[in-house]
Every structure is written in structure tokens, then in C-alpha cells.
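Only one structure is covered here, and it is reproduced in the block below.
Every number in this text was worked out from the coordinates using simple rules, so none of it is lab data. Computed from a predicted structure; not experimentally measured. Methodologically, a virtual Cβ is constructed for each residue, glycine included, from the backbone with ideal geometry; neighbour enumeration extends over all protein chains shown.
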Amino acid sequence: MKISELSVNRPVTTAVIFLAVIVLGIFSLSRLAIDLIPDISFPMIAIFSDYPGVGPEEVEENLTKIIENAAAAASNVKKITSTSREGQASIMVEYEWGTDMGEAAATLREKLDLVRDFLPDEASQPVIFKFDPSMIPIMVLVVEGRRDLKSLRYIAENDIKNNFERIDGVANVEIWGGLQRQVHVDLDRTALASYGLTVDQVINIIRGEHLNIAGGSIDEGNSTLSLRTVGKFQSLEEIENLIIASNSGVPVYLRDLSRVYDGFVEEKMDAKIGRNDAIILVVQKQSGTNTVQIARLVERRIKSLDKFLPPDISIEKFYSPADFIKESISNVWQIALIGGVFAIFVLFIFLRNLPTTLIISVSIPLSIITTFVFMYLFDLSINMMSLGGLALGIGMLVDNSIVVLENIFRYREFGAKPAEASKLGSQEMANAIVASTLTTITVFLPLVFFIKGLASELFRDLAFTVTFSLLASLLVALTIIPMLSSKIKKVELRSKAGSLRDMEKELQSRGGVLRLLDNMYKDVLEWALSHRWIFVGLVLLVLGGSIVSMKALGVEFMPQSDEGFIQIRLNTPVGTNIDTTRAAVDNVYDIVAENVPERDITFVQVGRSGDMQSIISTNRAEIWMTLTNKEERDRSDKDIIAVLRKEIASVPGVEAEFSTGGGGPGGGGGNLSVIITGYNLKQGMELAGKLKLIMEDVKSVQDVRISREEGLPELRVKLDRDRASFFGVNVAAVGYAIKRAFTGEDVANVILTGEEVGVLVRLQEKDRMTVDDLELISVATPFGKQVLLSNFTELEKGYGPVTVERERQQRVVYVHAKVEGDVKGAVDAIKKEVDKLVLPAGFSVHYGGSWEDFQETIMDLVLVMILAIILIYLIMSALFESFLDPFIIMFTLPMTFIGVVWMHLITGDTFSAMAGIGVVMLAGIVVNNGIILVDYINLLRKRGYDLLDAVKLAGRARLRPILMTMLTTVLGLVPMALAIGSGSELRAPMARTVIGGLLVSTIFTLVFIPVLYTMFETGKQKRKEKRLRKEAANG
């Protein structure tokens, strides 16, 4: 018994099964996590190693290269990039997509262990961790109150931070700003010299005294007592009264050598909200947890903390990507709902029958609810891609039901009984709708199972949801639709259309619009069938024109969405002190305050750039702005940036780089990187300067900057090794002596008034202000003497590179930029000018950033398209039991290309990866009309109609369902295509691509496929007749 027959015969059973599915679907929906995009696991591992006191070039030579060589020996490594800066090496190892990162990390550790003995003794053990995009903060909070910054910082650290970090799913809470308590031991250089002491010796003595040491155990009677030597400091007085030395039997206390006081950590960084100092809390989630869920838990904890914190303390949310995610997801739900209403409206217009319309409309909610069950089982989340897939397919969910119901009612109109019509009508169309559904979902099989890359990671959820929803709609069309149709008793009877004359009579009873469309279609089809070669020529001409027009299309990787967040990164010249940078930032803030009335909260940090991998530098600063809701402002974030870019350019000595959204603070800035490869640092910088000028001349290119910063002013301490050896002093001793004297060293953590406070030892401020103070630093010799640095060192002023970058084990310089819109056009313009340059020997230039990502993704999508076309053809061949009919149907695909190109030209959209996935979807969608048409032509020919009559009758008979399925899909996508609401910029290109391709393909399919069908069949008949004549002649 066939499934549709079973559903008609067992209506209660069918209803109970779907009621159970509805219950499971609602349960599954409540359990689905919500996020902006799918959880993408980037195959990258970062390696960090510290090499204190060593310059970038020395770090590169003695540390970075060794680690790179070790990492390169691991399997599946695609690319290695590194940055060597003063005192640190950071290496990023990128693997091929699909690599088991747990195994890769273990292998990498083994490789690093093999070269550990070749690393400098002073370098730290390399630390590795997996790259995780979830490191982007999920929430940035502001702590405010009517009290000083010391008290606010204390409350933030002890009452708020600890509370948040106890939330399941929160990885870390970082605090910026405020005054952090610290005990200072400021040594007097003159006093040290008078007692024959150095800073190093004092630090070592304090460390040796601040200890609690376990000493085993001892038995006393029936008890066992543990032994412990107790020496940790309990108060400032204990630190002050520590005996450092003895002078002629008289103890020398630390208070005799220094000033010991309870102070604050010296921060060369400001954190402000507007112009006011503030405490900022940056909350990061654990890897694999859900942004929205964790943000919700944090917000609940904030409400509970409000009850226990002092009345004047408040915690305000500055930024959370969860807000944009929730708005975007809510917007997709609205779009899906509106699209569904549009689709149902189209049905009613065509069918002009409310019960029939309602029966088909059942397909939408039932298919969506069934999809939720599968999403839960496959551990998918509700995100822009998965829900976008549902919204994209909302109109397609009724396609199968339309075809089945339309055929059922044709039987009813010709006098068949309800149950009989439901069974025959659904069974007759079963092969066609199974074929059309399989061809649609087949396009996603290579994307999910065979392609390993960013395209697969990005669009996997979309592929699954479209597949699940279409399979569900197929099940509904073959079960619920026949069952409900059998319950409709009254249908207006018509005479059966057995010929073209009968068809004319049937169409007279339809609405005026359908009659008009039928007459137009009949005229065009008859002309095309009479002038087949001319029509094919016209089609080829249009197709050729579309191919030529492709050159006018702009290309970018991903459309930028307006998330209501703007980040401005500010750089003053390298070496600028913090006060000069503060003054420059004040000028920029004045511009922001004057030109951006749409801002909600503005955060300013000076002396620091970034969030996850912060760069602390006195010449860096950032301004973050949250904007009012998109619907409440007249300007987009891009419009605001355009104004600010022009105004900030007038501030002397300041370079500004803008970014929007991209996951919030630390999010995406530039999307194009020109990579200069070559060893010579000077030549590399000269070439980078030329490229920077070229790029700045390209209209769409903004915020051009060179990655390598030069001109870091430094005072180099050079040892006379012979004289230093005479005193028994080496480089390490000198380097650490300078560092401890000027920067200081944390020697202990003491508990003061219930708070753990660090102890910093260094020279007092007046002894570490000038170059002369540097020469007066004493170093202890192995012979117990003190010798001044001036006895064996020379001081030299100079400039050095801040960083040395490498890619694929070669030195590189990056020229980063932000391209508005057409990235391909910008790259072509840059290439044209770069080709005119004479590159130094050993240098090359290539292009990366999102342009490289786009090329890789498009290559993956092209491969998906090729595999999908082959699979579609094979499926249709199996279902038609023919290789010719599917071949004819495949000619619908070039017609899609015409619509896609012209839709982009009309809307002015750039072609992006989102449009690319729309093209892939079209490959599976557009053949459906061809399948329905060819299948019905074959059916009529089996019933005895000749070729031309069968083609004409099938075209006109299938016109209504083809137009219905096309219009329900198109109008279902219109709300998405209009780009209304949060996150719409990402969805709109995909919707517009499908609309354009489907509209044009449907129009051409209704005429072009019949023409091709008659041409191939006529040719086949002629060859058959020729063969028969030849056989008769030979016989």
C-alpha cells in the first residue's frame, strides 16, 4: 500500500502521527541554542613564547624561526604566520579544513619538545592554544558609583568579577580601568650605595624572607604534628622592618633604604566612558558555549547583584553581541511569517478557494515544526544561516503540496470521488515531486559531506535546514494533503480536457488574469515552436550578453551588516608619550561628540589597542561607540564613518582605522591585505610605502596602513665584553639589573585588610628619570663588589622595528585596507599599478584577507555546483528511466545565470559568498519546473497525444502550478530581499539571487524546454525513420 493511499484510508492515524511531531517540534524548539552564525571551528593553533629584553630581529632569528621549522614538520599544515616583537614571539599555525585539531595539537607539542634544547635558555617554554572565535567578548559592562576609582576597582574585583566567573559557561572576566592596590618599595640609590647594596640583592633578600616552607612532620605523644616554617609578611610594618644587611653589627632595615607605602599600580592606560574615568568589565565565554544563553545568565546575575551591592553602585551594559543576535533572529522570524502570508495569498489568488488554500497552507507550519525536531537531533542551533534557510525555503514548502493538490482537484473536477481523486492525484504526481525534492536537496550533499572548507562550515546549517524542511514538505504533500483533500465534499465539476479544444473551454471558467496569461503564453509558445532555431538563437544572444555583463559586477566576500557598533583605532607616531596621545584622543573625541548625535554610549581607552590580544603602547588608543537602533536613525554606520573619517583626517599626527560590528570589540576591520614577501626590512618598507600610495588612490579603498611599524625610539645599552668579563658581569646580569631598577619586579603578594596585594620593588622615581640615572645603576660582581654600568657600557640612541612579521617562513610586510563594496575591482585596480613597479630582487606581492577567503569559498562552491549538477542529472535519469529527458531539463540552468546577473545589475549588489550559495540553491530549484513539464508531456504522449499537441497541452495545463510554485517561492523571499531589520544585509543577497534566477528561469523554462523537447524528439523520430527506411531497403 502506497503512503498517500495509507493516509487517505487511515486519517486518524495520520493525524495522530503529525500531532506527535508537533509536540516534539515545540519541545525541540525550546531546547535549541541561539547564535548569530554557526559555531565555526577554525583549524588554527597559536604558539606564544616570551624572550625578555630581546629585540624583534633577535627574537625572529633565535626563537621564531626555530618554532616555525618545528611546526612546519607537522602534517596537514596549510600556512604558518608569525610576529616577532620585543620580548615575544607569536606564531599562528593554520591547518587544512577537516583536520582533527586535538590530534594536531598533540602532534605540535611533540614537535616543539624536540626543539626545546635549541631554544634560548632565557626564552619561556612555548605555550599553545587552539584559536577560538568565541574569544570575542560576549558582554562589556560599565561599573559606576559615587566613590573613588580605588573603591570601584575593589568592588569590581572582589564582588562582581568573582560572581560572574562562577557562572557556568563564563571563561574569564577582565577588568580595565580604576586604581589597583599595590605596595611600593621605592629604593634610594644613594642609601643602597652607602651600604654596598644593589637592587638585585634587595629583591633576592625580600623573596627569601617572604616564604612559608613545609618541613615534614614529627610525632608527639599520640599526635603527628606537621612542621612549617612561617615567614610570609602580614603587614606593611613587617616589610619595613625587614633586615637587609648589617653595618658594623648594626642591622640595616628596609625602611633605611627605601620608602614603603600602600599605593596603586602605575597604569599608563586610561579607560573612560565619555570623558569620565570608569571601570570596564569584559566578559568572555567558554569555547563551545552559546552566546545568547551565557549573556542571559550574566544579565540575571546583574539583577541579583543589584540587591547586594551598595546602593550607589550600578552595573550598566555597554555592549553585547547577544542583543544584535536576538534582534536578527527575531527579524528572520518576522520575515518568515510575512513570506508565508505572501505565499498563502498567492495560493488564494490562483485557487480562489479558501478550503483548498488552507489545506496547502498546512504545509508551511508542519514542515517547519518537523524541521525543528531534526535540528535538535543533529545538534544545530538557531542562527542566521539555519533560520535563513527556513525563511529562504518558506515559499518552496508549499510547492509539492500545490502540485499534488492541483492534480487531485483536476480529478475531482472531472467527476472522481474524493478518496479516489486523492489517491490517484497524489500517486500520479509522486514521482515528479520526489524528483523535484531530491534535486533541490541534492545540491547540498557535496557541501555537507564532500567539501571541507569555510564554505562548508558557514553554510552547513543552512543546507541541513533546507533539506529537512523540504523532506518534511514532501512527506506532508504525500500524506496530510491527500488525507485533507479527501474530506472536501463539494467541487465544481467540469468536462475533462482531452484535447486543446477542451482545454480552451476549461480555461474560460478560470479568472480573467489566468485567461490573459494563458493567451499570452499560448501565442509565445506557438511562435517559438514554429520558429525554433530563431528562438534558440535569441536565448543564446541573451545568455551571451549576460556573460559579457558579468564584468560589471562587483565582488566581495561577505556583505557588512549594520550592528550599531563603531570602533575607531587611533595611532599616533611610534614613541609618542601617553600625554601627547591623550591630547590627540581628546581632539578626536570632540569630533565624535559633535558629529555623531546617534551614539548611545562611548568608551575610550588610551595606551591600549584591542581586547583579546591587547597591545599596550603609549601611542595607541581606541574609541568604541554603540549607536541607537537602526530604525531610530537616518544614517547607517557606514554613513557615520564616512563623516568621521573626513573630520579626523584633519587632526595632526593621528591615523584612524574604522571597523563596524564584526562581533563587537576587536571585530573585523580591514578586508584586504596586500602581502609583500622579501627579506630586506628596509626595501620591504620602501615597497610598502609605494603600495600604500597606490591603494590610497583607489576610490573604494580606505584606512590603508602598513603592518610593520618603524621608528621605535630606543636607548641601546651596549656592553664592552672585555671589560665586562674583567668584572665577571654578563649581558643577563646587566639586562635584569636595568629592568629591576626602572620597571621593577613583583616580589610578593601580601594580605592587607583581607585583600591580596602585590609588592613592587624598584628605584624611587627621582633615581630613574634620566640617562645619567641609567649609568649610575650598580651591578653586583661574583667577587662581592658593586660596579657602575658606566664602567663597561656605552649608551646609543637609535630606532628599531616594532615587529617583524613572517608568512610561510619568509619575512613579509602587510598593507591592510578596508574596501567598501567591490573587493575584486579594488584588487584589479591595485594590481594594474603594482605591475608597473620594478620589484627589488627577491620580493613578490600577492593578495590576501577576505579576498583570499572569497576565492577559496567560490572555488568550493563551484566544485559543489559541478558535483550537484552531476548528481541532479543522475537522479533525474533514474526517475525518468531516460538519459535524454534529464539532459533537456538541465538546459534550465543556464537560464538561471541570466536572471542572477541581471538582478545584481539592477539592484547594484556585489556578488558575495551569500549570493554564491543562492546560485547553488537555484541549481536544485529551477529544474523542478522542467521536471513537472517534461513528466506531464511524457504522460500525455503515453495517452496517445502526438508530439506537438502533447507539448502545447502540457505547457498550458502546467502553467498554473508552475506559476504558483514560482510566485510562492519568490513572494516568500520578497521580505528577505528588501533588507529590512537587523542582519538583513547578510540575507538579502541570497534572497535576491534566488528571486532573479527563478523568475527568469521560469519564464524561459515554459518556452525553451518545450522547444528543446520538440527539437530533440523530432530529431530522434527522424533518425528512427531513417533507420527503418534503411532496414526496409536492405530487407
Check your understanding: How large is Rg/Rh for the range 239-290, to two decimals, with Cα atoms and a Kirkwood Rh?
Key -> 1.38
Exercise for review: Rank these for me by crowding, 1023, 960, going from fewest to most other beta carbons within 10 Å.
Suggested key: 1023, 960
Point to revise | Cα-derived Rg over Rh, computed across the range 564-610 with Rh taken as Kirkwood radius | key: 0.98
**Study point:** Amide H within-cut-off set for residue 264, under 5 Å, with H built and near neighbours excluded
**Key:** 182
Exercise for review: Would you pull out the residues with amide H under 5 Å of residue 319's amide H, same chain only if 5 or more places away, H placed 1.01 Å from N?
Suggested key: 140
Study note, to complete from the structure: Dividing the mean separation of Cα pairs under 8 Å (6+ apart) by the residue count of the chain yields a relative contact order in percent of 17 percent
Point to revise | Stretchable slack from residue 111 to residue 194, in nm (0.36 nm times residue separation minus alpha-carbon distance) | key: 24.7 nm
Check your understanding: To the nearest 10 degrees, how steeply does helix 321-351 sit against the main Cα axis of the chain, on a 0 to 90 scale?
Key -> 0 degrees
Exercise for review: Could you point to the residue in 444, 414, 112 farthest towards the positive end of the chain's charge dipole, with +1 and -1 charges on the Cβ of Lys/Arg and Asp/Glu respectively?
Suggested key: 414
Exercise for review: Take the Cβ-Cβ distance between residue 1029 and residue 414 as r, set R0 to 51 Å, and report the resulting FRET efficiency rounded to the nearest 0.05.
Suggested key: 0.75
Revision key, fill the gap. Magnitude of the Cβ-charge dipole (Lys and Arg +1, Asp and Glu -1) of the chain about the Cα centre, nearest 20 debye, reported as 5960 debye
Review point. Using θ = phi - 60° and the Karplus form 6.51 cos²θ - 1.76 cosθ + 1.60, what ³J(HN,Hα) does each residue of the range 436-450 get, whole Hz, x for Gly and Pro?
Key: 5, 5, 4, 5, 5, 7, 4, 4, 8, 4, x, 5, 8, 10, 10
Point to revise | Relative exposure of 101, 769, judged by other C-beta atoms within 10 Å (fewest first) | key: 769, 101
Check your understanding: At q = 0.21 Å⁻¹, what log₁₀ I(q)/I(0) does a Debye calculation on the Cα points of the range 1-156 give, no solvent, two decimals?
Key -> -1.20
Revision key, fill the gap. Largest-first semi-axes in Å of the equivalent ellipsoid built from the Cα gyration tensor of the range 292-359 are 47, 12, 8
Exercise for review: With unit charges on the beta carbon (Lys/Arg positive, Asp/Glu negative), name the residue among 292, 274, 339 whose Cα is farthest towards the positive pole of the charge dipole of the range 222-351.
Suggested key: 339
**Study point:** Point-to-point label distance, residue 158-residue 978, nm (Cα→Cβ direction, 7 Å offset)
**Key:** 5.7 nm
Study note, to complete from the structure: In degrees, nearest 10, the alpha-carbon axis of helix 823-834 is tilted away from the dominant principal axis of the alpha carbons of the chain by 60 degrees
Point to revise | Estimated distance in nm for a label pair at residue 749 and residue 580, the labels positioned 7 Å out from Cα along Cα-to-Cβ | key: 3.8 nm
Check your understanding: What aspartates and glutamates could a cross-link reach from residue 1026, if we take a straight Cα to Cα line under 20 Å and drop same-chain neighbours fewer than 8 places away?
Key -> 946, 1017
Revision key, fill the gap. Rg (one decimal) and Dmax (whole number) from the Cα set of the chain, in Å, equal 36.9, 136
Study note, to complete from the structure: Sequence order, the range 451-468: Karplus ³J(HN,Hα) from phi using 6.51 cos²θ - 1.76 cosθ + 1.60, θ = phi - 60°, Hz rounded, Gly and Pro as x, gives 9, 10, x, 4, 4, 5, 5, 6, 9, 4, 4, 4, 4, 5, 5, 5, 4, 4
Practice item. Pull up all non-local amide H partners of residue 37: gap of 5 or more, or a different chain, and H-to-H distance under 5 Å with H placed in the peptide plane. Key: 384
Practice item. Starting from the alpha-carbon convex hull of the range 905-983, give the projected area averaged over all orientations, in nm². Key: 6.9 nm²
Practice item. Kindly flag which residue pairs out of 79/452; 630/818; 111/818; 682/718; 150/303; 303/818 have an alpha-carbon separation exceeding 28 Å in this structure. Key: 111/818; 303/818
Review point. Over the range 678-767, with a single point scatterer placed on each C-alpha, what log10 of the ratio I(q)/I(0) does the Debye formula yield at q = 0.17, 0.24 1/Å?
Key: -0.88, -1.19
Review point. Given a cut-off of under 8 Å on Cα pairs at least six residues apart, what relative contact order in percent is computed for the range 44-131?
Key: 45 percent
Exercise for review: Give me the Kirkwood hydrodynamic radius of the range 357-437, using the inverse of the mean 1/r over all pairs of distinct Cα atoms, in Å to one decimal.
Suggested key: 14.2 Å
Practice item. Please report, in cubic angstrom per residue, the volume enclosed by the convex hull of the alpha-carbon atoms of the range 78-209. Key: 237 Å³
**Study point:** the chain: calculated mean residue ellipticity at 222 nm from DSSP helix runs of at least 4, using -39500 (n - 2.57)
**Key:** -16500 deg cm²/dmol
Practice item. Treat the range 44-131 as a sphere of radius equal to its Kirkwood radius over Cα pairs and apply Stokes-Einstein at 37 °C in a medium of 0.692 mPa s; give the translational diffusion coefficient in µm²/s, rounded to a whole number. Key: 256 µm²/s
Point to revise | Computed E for residue 118/residue 716 - FRET, C-beta separation, R0 30 angstrom, nearest 0.05 | key: 0.65
Study note, to complete from the structure: Ordering 583-591, 296-304, 378-386, 860-868 by per-residue average of other C-beta atoms within 10 angstrom, highest first, gives 378-386, 860-868, 583-591, 296-304
Point to revise | Table column - 3J(HN,Hα) (Hz), the range 267-279, Karplus curve with 6.51, -1.76, 1.60, x for Gly and Pro | key: 9, 9, 8, 10, 10, 9, 10, x, 9, 9, 4, 8, 9
Practice item. Let me see the pair-distance distribution of the range 724-772: every alpha carbon pair, 10 Å bin width, integer percents in order. Key: 22, 34, 29, 11, 3
Check your understanding: Most exposed first by the Cβ proxy, i.e. fewest other Cβ within 10 Å, how do 879, 715, 933, 24 rank?
Key -> 715, 24, 879, 933
Check your understanding: If you wrap a convex hull around the Cα atoms of the range 564-660, how much volume per residue is inside, in Å³?
Key -> 83 Å³
